[in-house]
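The values are calculated or read from the model by the stated rules, or taken from the named source; none is laboratory data. Everything numeric in this text was worked out from a predicted model, so none of it was measured. Glycine gets a Cβ as well: all are built from the backbone with ideal geometry, and neighbour counts include every protein chain shown. Surface areas here come from the heavy atoms of the whole protein model, side chains and all, with no ligands, DNA or RNA. Shrake-Rupley method; radii C 1.70, N 1.55, O 1.52, S 1.80 Å.
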Amino acid sequence: MKHIIGAKPPAAAAGLPAVRMVEVDEDSAGQRLDNFLIRHLKGVPKTHVYRIIRSGEVRINKGRASADTRVEAGDVVRLPPVRISDKVADKAERPAPAREFPILLEDEHVIAIDKPGGVAVHGGSGVSFGVIEQLRQARPQAKFLELVHRLDRDTSGILLVAKKRSALTHLQDQFRERETGKTYLALVTGAWPANKKVIDLPLHKYLQADGERRVRVTTEDDPDGMRSITLVKVRSTIPARQAQGLPVMSLLEVTIKTGRTHQIRVHLASQGHAIVGDDKYGDFDLNKRLLKLGMKRMFLHAWRLQFNHPASGERVALNAELPPELADFVTPAPDQA
């Protein structure tokens, strides 16, 4: 991004934000205008972004454009003066703390990190910042860093970050077209039946009264239900620990063929085997006992990921072993015969 024209004196004198003329770089080429603006007008509500596009205040090469116009390298985009709330401005003054994360793979196109449990992937409701904001602060020289996909805050494991827009779109297309291989490790309550290998049940997203999103299994005739397929393989069974008040548990390798919100959590819970430590769909009494034993998070880990490299096209297979707090909990665990 190049800032071609700085503040206009009248705006500056009035204490208003200034008009900016921004040149589109190679990494932003092909992006929709609305998404380009959302990235460059930090903290400005989306409704306002669309309003200034409709009003003609945003221009591309001095001409009006619509929200779905694709910007091209070398285009000059006019960004009008916009106000942001004091709260958003204050947040901008106190950026996320810089942080690097364990790297599984990095080249000029993509970074694969091993995300710790308990860390959000991005800032949002109730969370000031996440992995992507911290990574950007740690790498101020990086021109482009964007999440390819997401993991729940409590889920640890493999997370991809694109370093180029071309890599981002290529990888997101693979996730959308189900060309990636995604396998998780999940510890669930009870002895999972070895012959129960496929869960093919539609899922329905809804909001609770407090506005928090939830997902439930629904019927095939539900117009809002989305087909969801989960494959399950038993890795090991952990015997009951009666002295600690813990039941039999099963460590599962869970491969998802669709990427629905909370898919693994809801599918496993629907079979009577909720994920240990799940605060939304789990066994709350058991979770309280586990908390006293030091298990402070949900036992779900993005263990294996396969994808085609966005530049070479070669198949990449990544593994992230269980973090210590999870591995220690299931060791020793006899292998399933």
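Of the GluC sites (Glu not before Pro) in the range 267-337, which ones lie in a loop per DSSP and count no more than 13 other C-beta atoms within 10 Å?
Working: sites: Glu314, Glu321, Glu325; in loops: Glu314, Glu321.
Answer by residue number: Glu314, Glu321.
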Gyration tensor (Cα) of the chain, equivalent ellipsoid semi-axes in angstrom:
43, 21, 20
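Just add up the charged neighbours of His309: K/R +1, D/E -1, any other residue whose Cβ is under 15 Å from the Cβ of His309. Please list the in-between numbers first.
Values: positive: Lys163, Lys164, Arg315; negative: Glu106, Asp107, Glu108, Asp173, Glu179, Glu314.
That works out to -3.
In deg cm²/dmol and to the nearest 500, what is the mean residue ellipticity at 222 nm of the chain if only DSSP H runs of at least 4 residues count, each as -39500 (n - 2.57), divided by the residue total?
On the way: 9 runs with 71 residues, N = 337.
Rounded to the nearest 500, it is -5500 deg cm²/dmol.
Enter the mean projected area of the convex hull around the alpha-carbon atoms of the range 100-216, in nm², rounded to one decimal. Walk me through the numbers on the way to the answer.
Details: hull surface 39.3 nm².
It is 9.8 nm².
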Return one whole number: the accessible area per residue of the range 237-337 in Å², for a 1.4 Å probe.
48 Å²
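Would you mind getting the accessible area per residue of the range 94-221, heavy atoms of the protein chains only, 1.4 Å probe, in Å²? The partial results should precede the final answer.
Working: 6450 Å² over 128 residues.
Per residue, the range 94-221 has an accessible area of 50 Å².
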Among the aspartates and glutamates, which fall within straight-line cross-link reach of Lys296, defined as a Cα-Cα distance under 17 Å, with same-chain neighbours fewer than 8 residues apart omitted?
Asp152, Asp154, Asp278, Asp279, Asp283, Asp285, Glu325, Asp328
Using Cα pairs under 8 angstrom and six or more residues apart, how large is the relative contact order of the chain, in percent?
13 percent
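Per residue Cα convex hull volume for the range 189-337, in cubic angstrom? Walk me through the intermediate numbers first.
Numbers: hull volume 23.4 nm³, N = 149.
Enclosed volume per residue, from the Cα hull, is 157 Å³.
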Can you pull the accessible area of Asp224 for me, 1.4 Å probe, Å² to the nearest 10?
100 Å²
Using alpha carbons only, how many angstrom separate the centre of the range 105-130 from the centre of the range 227-264?
24 Å
On the protein heavy atoms, probe 1.4 angstrom, tell me the percent of accessible surface of the chain carried by carbon and sulfur.
50 percent
Could you give the distance between the Cα centres of the range 163-191 and the range 272-294, to the whole Å?
26 Å
Which residue fluctuates the most in the chain, going by a Gaussian network model with Cα springs under 10 Å, if the choices are Asp221, Asp68, Asp279?
Asp221
Scoring only Lys, Arg, Asp and Glu (+1, +1, -1, -1) among other residues with Cβ under 14 Å from the Cβ of Asp107 yields -1
